[in-house]
Every structure is written in structure tokens, then in C-alpha cells.
1. Quick check, is Leu206 more than 20 Å from Gly34 (Cβ to Cβ), touching a helix residue (DSSP H, G or I) at 6+ places or on another chain (Cβ under 9 Å) and either free of Cβ contacts under 8 Å to residues at least 60 places away in the same chain or open to solvent by less than 10 Å² (accessible area, probe 1.4 Å) (or both)?
2. Return the only residue of Ile63, Ile115 being within 27 Å of Lys19 (Cα to Cα) and surrounded by 15 or more Cβ atoms within 10 Å (Cβ to Cβ).
3. Looking at (1) assigned to a strand (DSSP E or B); (2) open to solvent by 50 Å² or more (accessible area, probe 1.4 Å), which is the one condition that is false for Met154?
4. For the range 76-101, which residues satisfy the criterion of being under 26 Å from Asn185 (Cβ atoms), open to solvent by 60 Å² or more (accessible area, probe 1.4 Å) and of a type in the set (D, E, K, R)?
5. Given the condition in a loop (DSSP other than H, G, I, E, B) and open to solvent by 70 Å² or more (accessible area, probe 1.4 Å), answer yes or no: does some residue in the range 19-29 qualify?
6. Have a look at Ala299, Ala274, Ala262, Ala270 and point out the one that is touching a Lys or Arg at 6+ places or on another chain (Cβ under 7 Å) and surrounded by fewer than 15 Cβ atoms within 10 Å (Cβ to Cβ).
7. Scanning for something of a type outside the set (Ser, Thr, Tyr), farther than 23 Å from Arg176 by Cα and in contact (Cβ under 8 Å) with a residue 12 or more places away in the chain, does the range 112-119 turn up at least one residue?
Amino acid sequence: MPDRLPAVSLAAVPGRRLKTLAIAEEIERRGFPGIYGPSLGDNLSLCLAIALRTSRIEFGTSITPIYGRHVNEYASAASFIHEASGGRFRFGIGVSHEPALKRLGLQGGKPLTDIREFVADLRAVPRAGELPPIVLATLRDRMIRLAEEIGDGMVFANGARSHMAASLANLSDEARQGGRFFIGNMIPTCISDDEDAAKAANRRTLTSYAFLPNYRNYWKEAGYVEEMEGLEAAVEAGDTAQAAASLSDRWLADTTLFGSAAKVREGIEAWFDAGIKTPIIVPSSASGGQMQALEEFFAIW
């Protein structure tokens, strides 16, 4: 195996939770540096189970929405996992997105203010125990700067590789180059010799994000103004098919990994070179579900 291995995104869905824990053990056995659970399902429960089923690998949430539970419950749960894992857990937090919050009957607020207050309140909870490192979900400059100010790391989701130098310039040299501050990015990845099929799978994954204003604003900043404005015009006209077609292959290649095993491995190296200390592979398959996608990912090594 090469020296620089990525971390792996892992979600547990009903009916496959025990299988998912076996996969977590396999990820550790194969020497990958981390496992990170997205907000699909109860990722804190998954992290607790990983703490008890593994012994060396680092892991965390990427991310847990801050509005889902009372801050006291989050402090107790995060501290429990931190202690049970021997300090291997990172608590990734974020404000999520309006559609996801709406489905749960939750109301978001001002992201920067709410994250700042949540972290302060979390650290002030009495008798919760020692807290793990706190990682903030980031996209744009002010949240990146806040991550260094009040947190122990930051994690993008679907970041643009070509824009990483500009984004990471918001951090101090110590944060960018030192080992303590976590810098991750969740990267949709589809491995297939049928590159068109792999691109189609990633496009399906990422198109839903392009309908979110915060992502469109970020991608405009990253240089994809034409794509995002084309999507907005198509949405306004009620043309969903044209909205997806507005998203160029250039944009897709900058935000995801797809294609042959060799091409994906080269892409992972490029993400390291761009300053992402921990690329987090979010595997999908052109012809199957999460378990098949993970097997396809394991096979490239």
C-alpha cells in the first residue's frame, strides 16, 4: 500500500448495522487512517459501536447537526465516546441544510453565531467529562477562520480541489502544516472502468447539493459561476433535467473522483497535494449499493 491512504465514510442503515460494524473492523485491519460517519442515521451511535469494535483507528462524525439534540446530551455522548475509545474520536459538527432540518421539524439560525454559541455551551456543560476534539463543517472563508479560532479542525463536503489553496489560506501556517489541526474533505467516489457510468453516479449524488444555495454560492466562489447560474435559470423555468445538465464535467472532476482504479488513486494523491490532510472517500457504485461500493474501493489497493 502507498504511504498516504484516505479515510473512509461509513453509514449504518437499518438491517445492515452489524455488517457495517464488520466493515469498520475491515477498514481498520486494512490500515486506513480513519472512519467518518455522515449525518445519515444516528452517527453518534455508530461511533460508539466503532469505539468498542476497533482498537486503533481514528473515527468521528462528519457531521452531526447541532440542532438535533440538547447541547447537554451532545456533551455527554461525545465525552462518553471519547473516553470509551481512548481518545480516538473527533466530534464533527455543523448546521446541516434547510431541507434536512425541515424534514425533522427543526429551525436553523445564523450558522456562524449558532456554531460559536454551541461550542461555548458544549464546553460549559457541567460534569460531562473530557470532550473530544471538535471539528467544524466548513465551506466558505468565515467558517474556516472560525474553525481555527474555536475548534480543533475542519471538514469540507464536496469541496472544489482547484479552490483549496484559496480556502486554506484562511488558516495559519501552524494549522495548515501541523499535525494537530484536522483538515478533511468528504469526496464522492465511484470506481469503474466505465467512466461515463461512474460520472453519472457521482452526478446523481452531487446534483442534490447544487440545489442548495450555500453550495451554489461556494461553487460560484470556486469559479463555477456559469454552471450555477445555468442551474438557477433551469430551476426557475421548472426544467429539472436541464438543471442537472448545466453541471459541467469540469465541475464534477474538481469535486469528485471517478473512473479506473489508477485514476482514482491518482486523484486521492492530488487531494493530499492540495492540502487536505485527511481525504474522506464517500464510495458509491455504478451498479450497486454501499457494500458493493466499499468492496470496489478496497479492491483498488
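1. On the way: more than 20 Å from Gly34 (Cβ to Cβ): yes; touching a helix residue (DSSP H, G or I) at 6+ places or on another chain (Cβ under 9 Å): yes; either free of Cβ contacts under 8 Å to residues at least 60 places away in the same chain or open to solvent by less than 10 Å² (accessible area, probe 1.4 Å) (or both): yes.
Judged against the criteria, Leu206 is a match.
2. Details: Ile115 fails: within 27 Å of Lys19 (Cα to Cα).
Step by step, each of Ile63, Ile115 is checked, and only Ile63 is within 27 Å of Lys19 (Cα to Cα) and surrounded by 15 or more Cβ atoms within 10 Å (Cβ to Cβ).
3. Failed condition: (2).
4. Correct list: Glu98 only.
5. To start, the set of residues in the range 19-29 that are in a loop (DSSP other than H, G, I, E, B) comprises none.
Looking through the range 19-29, none of the residues is in a loop (DSSP other than H, G, I, E, B) and open to solvent by 70 Å² or more (accessible area, probe 1.4 Å).
6. Details: Ala299 fails: touching a Lys or Arg at 6+ places or on another chain (Cβ under 7 Å); Ala274 fails: surrounded by fewer than 15 Cβ atoms within 10 Å (Cβ to Cβ); Ala262 fails: touching a Lys or Arg at 6+ places or on another chain (Cβ under 7 Å).
Answer to the check: Ala270.
7. Initially, the range 112-119 is screened for residues of a type outside the set (Ser, Thr, Tyr), giving 112, 114-119.
Restricting the remaining residues to those that are farther than 23 Å from Arg176 by Cα gives 114, 117-118.
Those left that are additionally in contact (Cβ under 8 Å) with a residue 12 or more places away in the chain: 114, 118.
Checking the range 112-119: at least one residue is of a type outside the set (Ser, Thr, Tyr), farther than 23 Å from Arg176 by Cα and in contact (Cβ under 8 Å) with a residue 12 or more places away in the chain.
The values are calculated or read from the model by the stated rules, or taken from the named source; none is laboratory data. Keep in mind the model is a prediction, meaning the values are calculated, not measured. Cβ sites come from the backbone with ideal geometry, for glycine too, and all protein chains shown count toward neighbours. Only protein heavy atoms, including side chains, enter the accessible area calculation; ligands, DNA and RNA are left aside. Shrake-Rupley method; radii C 1.70, N 1.55, O 1.52, S 1.80 Å.
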